[in-house]
Amino acid sequence: MFREIAIGDIVRMRKTHPCGGYEWKIVRLGADIGLVCLTCQHRIMLSRRDLEHRAKSISPGDSESPKSIKP
Ligand SMILES: [Zn+2]
């Protein structure tokens, strides 16, 4: 479904997070994919399969550094 995932990409989930946010940012790639909620900064790890199952769409992130997630 998703060909390539890169750090910094923005993922829109099918279900909103309890905080009300639905956009997540990829912060880690590996056996599991690390995601941070853009609304509440909550961090989760999902397997690639889970991510593909839950994500509605993934769009390339802008040029900002992945390290800019921390406030
Ligand atoms: Zn959240």
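Filtering the range 33-63 to residues that are away from the ligand (no atom under 16 Å from the Cβ) and of a type outside the set (A, V, I, L, M) leaves Ser47, Arg48, Arg49, Asp50, Glu52, His53, Ser57, Ser59, Pro60, Gly61, Asp62, Ser63. Cβ-Cβ contacts under 8 Å between residues 6 or more apart (or on different chains), taken from a first residue in the range 29-40 that is without any contact (Cβ under 8 Å) to a residue 40 or more places away in the chain to a second residue that is small (Gly, Ala, Ser) and within 16 Å of the ligand (Cβ to nearest atom), are listed as Cys37/Gly21; Leu38/Gly21; Thr39/Gly20; Thr39/Gly21; Cys40/Gly21. For the range 44-71, a residue qualifies if it is surrounded by 14 or more Cβ atoms within 10 Å (Cβ to Cβ) and either of a type in the set (Lys, Arg) or at pLDDT below 90 (or both), and the qualifying residues are Arg48, Arg54, Gly61, Pro66, Ile69. Meeting the requirement of 1 or more residues that are in contact with a His (Cβ under 6 Å, 6 or more places away or on another chain), the strands (runs of 3 or more DSSP E) wholly within the range 1-54 are 32-37. Touching a Ser or Thr at 6+ places or on another chain (Cβ under 8 Å) and hydrophobic (A, V, I, L, M, F, W, C), is that true of Ile33? So Ile33 fits the description; yes.
The values are calculated or read from the model by the stated rules, or taken from the named source; none is laboratory data. Note that this is a predicted model, so its numbers are computed, not measured. Reconstructed Cβ throughout: ideal geometry from the backbone, glycine too, with neighbour counts over all protein chains shown.
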